[in-house]
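**Student:** Input: one structure, supplied below.
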Amino acid sequence: MLDPETLEARPSETRDLVRIVQVTETLPQFAAQSTAVVCSDALLSNSLLYNDACNGKHAPGAIADLYRLLVVLQHSDKPVVTGSFSAAGLEGMIDLLAADSGSPDRLRQQPRAVFDVCPSPPLNWSEFGSHNLIDLARAGVPAEIVSMPLAGGTAPVTLAGSVTQHAAEVLAGITLHQLAAPGAPIVWGGAPAIFDMRTGGAPMGAVETAMLNMACAEVGKHLGLPTHGYLVATDSKLVDAQAGAESARSAMLGALAGINMISGAGMLESLARFSVEKLVIDAESIASAYRLARGIEIGSDKVPSETLATAMFAQIGLSGEFLKLKETRALFRQEQHLPSPVIDRSARGSEPASDVLTRARTRVDELVSKYRKPSLSEDVLRKFQAIVDREADRAAVEEAESGKNVGVAQATK
Amino acid sequence: MSDPLFEAMRQSIIDGAPDKAVELAQQALAQGLDPLQAVNLGFAVGITFAGEQFGCGEMFLPDLLASAEAMQAAIKTLEPEMLKRGSERKALGKIVLGTARGDIHDIGKNLVATILSAGGFQIFDLGTSVTPEQFVAKAKEVDADIVGVSALLTTTMAGQKAVIEALDRNGLRPRVKAIIGGAAVTSKWAAEIGADGYSRNAIDALELAKNLMGKVDSKDMNKRTALA
C-alpha cells in the first residue's frame, strides 16, 4: 500500500482492503470488486459472526487467498474478481462463494465471482493453473485466463509475436477448461506487457503494453468471447503526473478497444503497489473513458435530439441564451460527464489551488463516510465461519507436515 | 591497455560477440599467451565495462546478456590451457540459486545466475519453486558460500524467510551467506528477515556477492547484516 500520509510503501493490511472495498462499493464506475491486496495481518477468530477486526490467532499464510475473499464478501455487494494461490485453496473459496449465494447450484446459476487463472509463459500450464481451470469448470464458476507474455522477456520481442503467444496460451487453457465441463463460463483475459530492457520489469503504463492488451482483446472478440485486460495502472510509485497520464491513457485505449473487463485501477509500481487515492482519481479517468466510448450521439434514447439542432437554433436565434433552453437542462447530464471534485475545474480565485492527491484524500474520506456495510444473515456468517475454520486447520496441518519434513532432513544428516 | 589483441578482446565482450571472442581466445593460445592474462587484461575488462554501461543506462539487458555469453565462451576456450598451466581462474565462490517456494518467476534469477557466472562465481541453479529443504541440501552438498533466493510476489516473499530460517536451523549460517532479490523485495525486508544482503539488480548482485566473499569469516558475526 502507498500510505497517503507518509507517501511510503508499507505491507497491506485488512484495514486497507476494507477501505478499498468501501471506496469501490460507492463508485458506480467500478462494475466489480477485486480482492486487490494480500492482508499481512490476517487474523482469524471464532467471533466472525459479530466482529470484523478481531483479536484472534494469525491465519496461516496458505489461506491468504481465502481470507481476502472473506473480507470482500463481508463488505461488498458487487461482483468479485479474485484468484486462488494454490490448487488446494480453490475449494474453500468456492465453498465460501456457494455459502454467499445460498448453495452450489445457485452459485452455478448466477456466479458472483470470476477467478483469474494464469498460464506460465512461454506456452506452459502449471499443475496448479491446470487444476484451477478444471475445478472451476466443474463448479460452474467463471475462469478468466490471464496470460502474461512479456514481450522480449518471456515472449517474442515483437508485439505481434507476443499476441500470438497470448492466444496460444489462452486457447490451450480453454481447451483444458472446456474438456472438463463443456460450456463452462470462460473469459479471454490477459495481462500482456512489454519487458523493460533496463530493469527486467513489466511496465504496465507503457503504450506498447496498452497496444498488446488491445490486440489480445481483438483476438478474443473475433472468437466471440468476453474479454479482459490489465490497464489503468502505472509504473510510477507515487500518485503523480506520470500515474495520471499512464492510467488515463490506457483507460481510453481499453475503452476504444471495447475490452469488457479491465483490471488495474488503483495500482502503482507495475501492479506491486496500491493506492486508494489513486483509485478515486482513476475512477474519473474511467468515467471519461466510458463517455468517450459512448461517442457523439445523435437521436439516441439518451440524447433525443435531431442532428443539426435546428429547433434549438430556431428558439434562441442570435440571443445565445442556450443555458435557458429546456433541452439544455434535459440533456446536459447525458452529453457531459460531470466529474467529482477530484478533478479541478474551479474558476480562478478559488485559491489556494490544491493538488490532486490532496483532493483525492478528501474524496476517499467522503466516500468512506457514505459507505454502508451490507448485512449478511447469521446463517451465512455461520457457514463462512465453518469453512474458514476448516481451511485454517487444513493449512495448519500442511504447514506442520512441511515442518516435519525439515525435521526428517535434519535427522538424516 | 595498448595491446591491440587485448583491446579486441575487450571489444568482443562489449559487442556481445561470442564467435569473435572465441576466435581471439584461440589466437591468444596460438601465440602462447598466458590465458589468465588474456582474461584479466582483455575479456574481463570488457565485462566490467559492460556492467558499468548497464548500470548507467547506456546498455540494456539483451546487450548485457550477450556480453556475459561472449565472456563465458571465451573462458571456455581458454580453460583447458589454464588447467594445463595450473593457472585456472579460481571461482570466486559457490552460489546456490533458486526462486522461493511457490514462485515460478525466474527471469530475474536467471539473469543474476548469468551475471554471477560471468563474474567468476560457480553457480548451482535449483530452478523455480524451491523448498527450504532443497536449498539446505544443495548448500551442504556443494559446500556453498552463498545461497540466493528470488521472489517476485509479495505472497512468495515469506519463502525467502523460510530459507533463511532453514539455513539457521541446520547450522549453516553465518558461514553460508543468504542473499535475496526480486521485484517486491526491499532492503527493509532483507533486514527484517535477517538476510546477509539484498540487491536491486543483477549487476549489484555481483558486487554484493564479491563483498560477501571478502567478508566470509565464521568468527565475525557482527558483519552479518552489514550489507542488508
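**Student:** Among the listed residues B:Lys188, B:Lys161, identify the single one that is under 21 Å from A:Glu8 (Cα atoms) and part of a helix (DSSP H, G or I).
**Tutor:** Numbers: B:Lys161 fails: under 21 Å from A:Glu8 (Cα atoms).
When all the criteria are applied, what remains is B:Lys188.
**Student:** Could you list, in sequence order, the residues of the range B:172-192 that are within 13 Å of chain A (Cβ to nearest Cβ) and aliphatic (A, V, I, L, M)?
**Tutor:** Matches in the range B:172-192: B:Leu172, B:Ala183, B:Ala184, B:Val185.
**Student:** Filter the range B:78-114 for residues that are farther than 30 Å from A:Ala62 by Cβ and part of a loop (DSSP other than H, G, I, E, B) and give the result.
**Tutor:** Selection gives B:Gly86, B:Ser87, B:Glu88, B:Arg89, B:Lys90, B:Ala91, B:Leu92, B:Gly93.
**Student:** Also, quick follow-up: Would a scan of the range A:209-232 turn up a residue that is farther than 29 Å from B:Leu61 by Cβ, of a type in the set (A, V, I, L, M, F, W, C), over 22 Å from the mean Cα position of the chain (by Cα) and assigned to a loop (DSSP other than H, G, I, E, B)?
**Tutor:** Taking every residue of the range A:209-232 in turn, at least one turns out to be farther than 29 Å from B:Leu61 by Cβ, of a type in the set (A, V, I, L, M, F, W, C), over 22 Å from the mean Cα position of the chain (by Cα) and assigned to a loop (DSSP other than H, G, I, E, B).
**Student:** Then there is this: Right, B:Leu167: buried (at least 21 other Cβ atoms within 10 Å of the Cβ), outside the structural domain of B:Leu65 (by TED's automatic domain parsing) and within 23 Å of B:Ile104 (Cα to Cα) or not?
**Tutor:** Working: buried (at least 21 other Cβ atoms within 10 Å of the Cβ): yes; outside the structural domain of B:Leu65 (by TED's automatic domain parsing): yes; within 23 Å of B:Ile104 (Cα to Cα): yes.
Answer is yes for this residue.
**Student:** Could you list all residues from the range B:45-63 that are at the interface with chain A (Cβ under 8 Å from one of its Cβ atoms) and either within 16 Å of B:Pro18 (Cα to Cα) or assigned to a loop (DSSP other than H, G, I, E, B) (or both)?
**Tutor:** B:Gly57, B:Phe60, B:Pro62
**Student:** Take the residues in the range A:260-277 that are farther than 11 Å from A:Val232 by Cβ and either among the basic types (Lys, Arg) or part of a loop (DSSP other than H, G, I, E, B) (or both), then tell me which one is most open to solvent (accessible area, probe 1.4 Å).
**Tutor:** A:Asn260
**Student:** Which condition breaks for B:Asp196 when tested against (1) more than 15 Å from the chain's Cα centre (by Cα); (2) surrounded by fewer than 20 Cβ atoms within 10 Å (Cβ to Cβ); (3) charged (D, E, K, R)?
**Tutor:** (2)
**Student:** Also, quick follow-up: Checking A:Asn213 against (1) polar (S, T, N, Q); (2) surrounded by fewer than 23 Cβ atoms within 10 Å (Cβ to Cβ); (3) away from every other protein chain (no Cβ under 14 Å): exactly one of these is not met. Which one?
**Tutor:** Answer for A:Asn213: the failing condition is (2).
**Student:** Can you tell me which residue in the range B:138-149 is nearest to A:Gly200 (Cα to Cα), limited to those that are within 13 Å of another protein chain (Cβ to nearest Cβ), open to solvent by 20 Å² or more (accessible area, probe 1.4 Å) and touching a residue at least 12 places away in the same chain (Cβ under 8 Å)? Give the derivation first.
**Tutor:** Looking only at the range B:138-149, we keep the residues that are within 13 Å of another protein chain (Cβ to nearest Cβ), and these are B:138-141.
From the residues that got through so far, the ones that are open to solvent by 20 Å² or more (accessible area, probe 1.4 Å) too are B:138, B:140-141.
Those still in the list that are touching a residue at least 12 places away in the same chain (Cβ under 8 Å) too: B:138, B:140.
Working: B:Lys138: 27, B:Lys140: 31 Å.
This residue is B:Lys138.
**Student:** A further question follows. Going through the range A:133-157 one residue at a time, which ones are open to solvent by 20 Å² or more (accessible area, probe 1.4 Å), among the β-branched types (Val, Ile, Thr) and away from chain B (no Cβ under 14 Å)?
**Tutor:** A:Ile134, the sole residue that qualifies.
**Student:** Would you call B:Ala118 touching a residue at least 60 places away in the same chain (Cβ under 8 Å), open to solvent by less than 20 Å² (accessible area, probe 1.4 Å) and under 30 Å from A:Pro119 (Cα atoms)? Before the answer, list the steps.
**Tutor:** Values: touching a residue at least 60 places away in the same chain (Cβ under 8 Å): yes; open to solvent by less than 20 Å² (accessible area, probe 1.4 Å): yes; under 30 Å from A:Pro119 (Cα atoms): no.
No; evaluated as a whole, the condition is false for this residue.
**Student:** Hey, another quick one. In the range A:133-156, what residues are farther than 8 Å from A:Phe195 by Cβ and in a loop (DSSP other than H, G, I, E, B)?
**Tutor:** Of everything in the range A:133-156, those that are farther than 8 Å from A:Phe195 by Cβ and in a loop (DSSP other than H, G, I, E, B) turn out to be A:Gly140, A:Val141, A:Pro142, A:Met148, A:Pro149, A:Pro156.
**Student:** Anything in the range A:156-189 that is touching an Asp or Glu at 6+ places or on another chain (Cβ under 9 Å) and more than 16 Å from A:Leu136 (Cα to Cα)? List them, or say none. Show your work before the answer.
**Tutor:** Here is the first cut: in the range A:156-189, the ones touching an Asp or Glu at 6+ places or on another chain (Cβ under 9 Å) are A:159, A:163, A:180, A:186-189.
Within the range A:156-189, A:Leu159, A:Val163 qualify.
**Student:** Then there's this: Can you find even one residue in the range A:368-379 that is free of Cβ contacts under 8 Å to residues at least 40 places away in the same chain and open to solvent by less than 70 Å² (accessible area, probe 1.4 Å)? I'd like the intermediate steps shown before the answer.
**Tutor:** Here is the first cut: in the range A:368-379, the ones free of Cβ contacts under 8 Å to residues at least 40 places away in the same chain are A:369, A:372, A:375, A:377, A:379.
Filter again for open to solvent by less than 70 Å² (accessible area, probe 1.4 Å), leaving A:377.
Yes, the range A:368-379 has at least one match.
**Student:** In the range B:115-137, what residues are part of a helix (DSSP H, G or I) and away from every other protein chain (no Cβ under 12 Å)? So that I can check it myself, show each step before the final result.
**Tutor:** To start, the set of residues in the range B:115-137 that are part of a helix (DSSP H, G or I) comprises B:115-118, B:132-137.
Listed by number, the residues that qualify are B:Leu116, B:Ser117, B:Ala118.
**Student:** If the requirement is being more than 24 Å from A:Asn124 (Cα to Cα), open to solvent by 50 Å² or more (accessible area, probe 1.4 Å) and among the polar types (S, T, N, Q), which of these qualifies: B:Gln53, B:Gln72? If you could, list the steps in order and put the result at the bottom.
**Tutor:** Details: B:Gln53 fails: open to solvent by 50 Å² or more (accessible area, probe 1.4 Å).
After ruling out the rest, the residue left standing is B:Gln72.
**Student:** While we're on this one: Among what's in the range A:301-353 and is assigned to a loop (DSSP other than H, G, I, E, B), under 24 Å from A:Leu27 (Cβ atoms) and among the basic types (Lys, Arg), pick the residue that is modelled with the highest pLDDT.
**Tutor:** The residue in question is A:Arg345.
**Student:** Write out, first by first residue and then by second, each pair whose Cβ atoms fall under 8 Å of each other, whose residues are 6+ apart or on separate chains, and whose first residue, in the range A:55-73, is among the charged types (D, E, K, R) while the second is modelled with pLDDT under 75.
**Tutor:** As it stands, the answer is A:Lys57/A:Leu43; A:Lys57/A:Leu44; A:Lys57/A:Ser45, since those pairs meet every condition given.
**Student:** Hey, can you tell me all the residues within the range A:60-113 that are of a type in the set (Asp, Glu) and in a helix (DSSP H, G or I)? Walk me through how you get there before you give the answer.
**Tutor:** At the first step, the residues of the range A:60-113 found to be of a type in the set (Asp, Glu) are A:65, A:77, A:91, A:95, A:100, A:105.
The answer is A:Asp65, A:Glu91, A:Asp95, A:Asp100, A:Asp105.
**Student:** Specify the residue that is surrounded by the most Cβ atoms within 10 Å (Cβ to Cβ); the eligible residues are those in the range A:92-124 that are closer than 28 Å to A:Met148 by Cα and over 23 Å from the mean Cα position of the chain (by Cα).
**Tutor:** Applying the filter and picking the extreme gives A:Pro122.
**Student:** Could I ask something else about it? Quick check: anything in the range A:119-132 in a helix (DSSP H, G or I) and free of Cβ contacts under 8 Å to residues at least 40 places away in the same chain?
**Tutor:** Just the residues of the range A:119-132 that are in a helix (DSSP H, G or I), to begin with: A:127-132.
Still in the running and free of Cβ contacts under 8 Å to residues at least 40 places away in the same chain: none.
There is no residue in the range A:119-132 that is in a helix (DSSP H, G or I) and free of Cβ contacts under 8 Å to residues at least 40 places away in the same chain.
**Student:** Since B:Asp103 meets every condition but one in (1) more than 21 Å from B:Met71 (Cβ to Cβ); (2) within 13 Å of chain A (Cβ to nearest Cβ); (3) without any contact (Cβ under 8 Å) to a residue 24 or more places away in the chain; (4) not basic (Lys, Arg), which condition does it not meet?
**Tutor:** Among (1) more than 21 Å from B:Met71 (Cβ to Cβ); (2) within 13 Å of chain A (Cβ to nearest Cβ); (3) without any contact (Cβ under 8 Å) to a residue 24 or more places away in the chain; (4) not basic (Lys, Arg), B:Asp103 violates only (3).
The values are calculated or read from the model by the stated rules, or taken from the named source; none is laboratory data. As the structure is a prediction and not an experimental result, all values here were calculated from the model. Neighbour counts are summed over all protein chains in view; Cβ atoms, including those assigned to glycine, are modelled from backbone coordinates with ideal geometry. Only protein heavy atoms, including side chains, enter the accessible area calculation; ligands, DNA and RNA are left aside. Shrake-Rupley method; radii C 1.70, N 1.55, O 1.52, S 1.80 Å.
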